[in-house]
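First the structure, in the form of structure tokens, and then the observations on it.
The values are calculated or read from the model by the stated rules, or taken from the named source; none is laboratory data. What you are looking at is a predicted structure, and each value in this text was computed from that prediction instead of being measured. Glycine gets a Cβ as well: all are built from the backbone with ideal geometry, and neighbour counts include every protein chain shown.
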Amino acid sequence: MNFSMQNVIDGQGLEITIVGITIVFSALAMISLFIAALPRVLTVLDPYLPAAAHEHGHASPAVPPSGEDERIVAAIGLALHHRQQGG
Amino acid sequence: MELLWNFLQSTGFAQMTFGNAVMIVIGLVFVFLAITKDYEPLLLVPIGFGIIVGNVPYVATMSLGVYDDWTGPGGLQGSSVLSLVYFGVKYGLFPPLIFLGIGAMTDFSTMLSNPKLVLLGAAAQVGVFLTLLGALFLGFTPMQAASIGIIGGADGPTAIFLSSQLAPELLGAIAISAYSYMALVPVIQPPIMKLLTTPEERRIRMKPPRVVSKRERIIFPIAGFIICTMVAPGALTLLGMLFFGNLLKESGVTERLANTARNALIDTVTILLGFAVGASTQAKTFLQAESLLIFGLGALSFAVATAGGLLFAKLMNLFLQEKINPLVGAAGVSAVPDSARVVQMVGQQADPHNMLLMHAMAPNVAGVIGSAVAAGVLWSVLVQ
């Protein structure tokens, strides 16, 4: 192995470094700007591309809890609270 | 009697060299560490066992090793099974397929909710280029130096992809170095994080990330791919597969494809990739002084990448009203999700109620993109 700064110069190390870091930063900065602008762009596109049309979710529609369910949830919460209190 | 003598001469015992024995022991050590210490077992078990397989000696006329391929006198019929498996490494097929799986399991929503953290993923890539300079200084060729530098991207498939294209003779040492240091992220990063930040900075709390809509998560992989590859076309292969996998996941209409990509496909390719990399790591290329230099440079690249992300976060804080916890910058080292977990751990040492994990995931996944762009740039520049 030959340790020398001349190796860096001969290999165009500084040029590759400067160009490389510049390109990486440019690419990610452009992505960052795009992401920042995206919510506003989607607001403008809302009339043509409504959010609901793209929600392909397969989840069942939310069902409001019945009175019985609320009592069960409250009982579970109380039990957990007592357990955490060491009861 | 002569037949028996010839057979005995063809056994591994008769062919064994000191280098073969050392490499087999190294393979055994990797398997041991993976199983008993849980050091990146999904990679080190295949790599370690591959090293053992690739270093059992055999008679030269038998076509058994990874390098006994179709370019030999026997053509395709004379090529070994291991060489056919190694095809995926040699011609850069396996790493993009792994990126497909990574994209199908990555959630970019933390990055989408706080886009300025993307720049921390870019800043961490300084480790790649400063290590490249160090490798050049030590006498490596530019292609070798680039392959060594990409270790700082902390991305195994990217390191294997680039070194298979630019410096295949160093592939084994680079792959082992990259995966070893990825496993050592919890050891390497915390001292640097504490050295470069004050206790007050480590206690900075960040605003909870906003909710990201499904449309944003669908549009991002398409737009992100176009933006990155227009800037750096050399990253086409890796980023194309990464963002394609992510689109499979986020579109909501290709769930079985996404499921296959992030489970069966990535597991299959990981097995073949690790095994082939290990089998290609042979004594005559691995047991050199260069390998020690590569391990040293690998450690340096991780340290510089950590420092780069941290210091850039502190620089950004000079201009921001809502401060970033600079620890989050260390997660720009794209060892997903280990470096984000390290940020959470170090942050909680300063403030036990400070939840930094989701914030750290933003530069963590941005670093995956950044390291792929860096690899694309290096490939484009050095192959021309």
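If B:Trp70 passes every condition in (1) modelled with pLDDT of 80 or more; (2) surrounded by fewer than 19 Cβ atoms within 10 Å (Cβ to Cβ); (3) touching a Ser or Thr at 6+ places or on another chain (Cβ under 8 Å) but one, which one does it miss?
The single condition B:Trp70 does not satisfy is (1).
Please state which one of B:Gly367, B:Gly347, B:Gly376 is of a type outside the set (Val, Ile, Thr) and closer than 13 Å to B:Ala124 by Cα.
Unique residue meeting the criteria: B:Gly367.
Do we find a residue being over 26 Å from B:Phe87 (Cβ atoms), of a type in the set (S, T, N, Q) and either surrounded by fewer than 24 Cβ atoms within 10 Å (Cβ to Cβ) or in contact with a helix residue (DSSP H, G or I) (Cβ under 7 Å, 6 or more places away or on another chain) (or both) anywhere in region B:273-296?
Scanning region B:273-296, I find no residue that is over 26 Å from B:Phe87 (Cβ atoms), of a type in the set (S, T, N, Q) and either surrounded by fewer than 24 Cβ atoms within 10 Å (Cβ to Cβ) or in contact with a helix residue (DSSP H, G or I) (Cβ under 7 Å, 6 or more places away or on another chain) (or both), so the answer is no.
Pairs only if they're at least six apart or on different chains, beta carbon under 6 angstrom, first in region A:14-35 and within 7 Å of chain B (Cβ to nearest Cβ) and over 15 Å from B:Gly367 (Cα atoms), second surrounded by fewer than 23 Cβ atoms within 10 Å (Cβ to Cβ) and not aliphatic (A, V, I, L, M); list them, first residue then second.
Every condition considered, the pairs that remain are A:Ile35/B:Pro115.
Go through region A:1-25 and count every residue that is part of a helix (DSSP H, G or I) and either in contact with an Asp or Glu (Cβ under 8 Å, 6 or more places away or on another chain) or small (Gly, Ala, Ser) (or both).
The total comes to 2.
Is it fair to say B:Ala335 is in a helix (DSSP H, G or I), buried (at least 24 other Cβ atoms within 10 Å of the Cβ) and not aromatic (Phe, Trp, Tyr)?
It is false that B:Ala335 is in a helix (DSSP H, G or I), buried (at least 24 other Cβ atoms within 10 Å of the Cβ) and not aromatic (Phe, Trp, Tyr).
Can you name the residue in region B:148-170 that is among the hydrophobic types (A, V, I, L, M, F, W, C) and under 21 Å from B:Val66 (Cα atoms) and is also surrounded by the fewest Cβ atoms within 10 Å (Cβ to Cβ) among such residues?
Only one residue fits best here, namely B:Ala167.
Within region B:13-36, which residues are more than 20 Å from the chain's Cα centre (by Cα) and not β-branched (Val, Ile, Thr)?
B:Phe13, B:Ala14, B:Gln15, B:Met16, B:Phe18, B:Gly19, B:Asn20, B:Ala21, B:Met23, B:Leu28, B:Phe32
Mind checking which residues of region B:80-89 are under 17 Å from the mean Cα position of the chain (by Cα) and either surrounded by fewer than 19 Cβ atoms within 10 Å (Cβ to Cβ) or within 14 Å of another protein chain (Cβ to nearest Cβ) (or both)?
Scanning region B:80-89 gives a single hit, B:Gly88.
Given (1) crowded, with 20+ Cβ neighbours inside 10 Å; (2) on the phi < 0 side of the Ramachandran plot, identify the lone condition not met by B:Glu40.
All conditions are met except number (2).
For region B:148-199, enumerate the residues that are closer than 28 Å to B:Leu315 by Cα and among the acidic types (Asp, Glu).
Result: B:Asp155, single match.
Could you list, in sequence order, the residues of region B:131-147 that are surrounded by 23 or more Cβ atoms within 10 Å (Cβ to Cβ), more than 7 Å from chain A (Cβ to nearest Cβ) and not hydroxyl-bearing (Ser, Thr, Tyr)?
Within region B:131-147, B:Ala135, B:Phe140, B:Gln144, B:Ala146 qualify.
Please go through region B:334-379 and give me each residue that is among the β-branched types (Val, Ile, Thr) and either within 14 Å of chain A (Cβ to nearest Cβ) or touching a Gly at 6+ places or on another chain (Cβ under 6 Å) (or both), ordered by number.
Answer for region B:334-379, where residues must be among the β-branched types (Val, Ile, Thr) and either within 14 Å of chain A (Cβ to nearest Cβ) or touching a Gly at 6+ places or on another chain (Cβ under 6 Å) (or both): B:Val365, B:Val368, B:Ile369, B:Val373, B:Val377.
If you take the residues of region B:53-77 that are touching a residue at least 60 places away in the same chain (Cβ under 8 Å) and β-branched (Val, Ile, Thr), which of them is farthest from B:Ile160 (Cα to Cα)?
B:Val53
Could you identify the single residue in B:Leu100, B:Leu112, B:Leu93 that is within 9 Å of chain A (Cβ to nearest Cβ) and under 30 Å from B:Ala258 (Cα atoms)?
It is B:Leu112.
Are any residues in region B:231-285 within 14 Å of chain A (Cβ to nearest Cβ), out of contact with any Ser or Thr (no Cβ under 9 Å at 6 or more places or on another chain) and outside any helix (DSSP H, G or I), and if so, which ones?
The answer is B:Gly252, B:Val253, B:Thr254.
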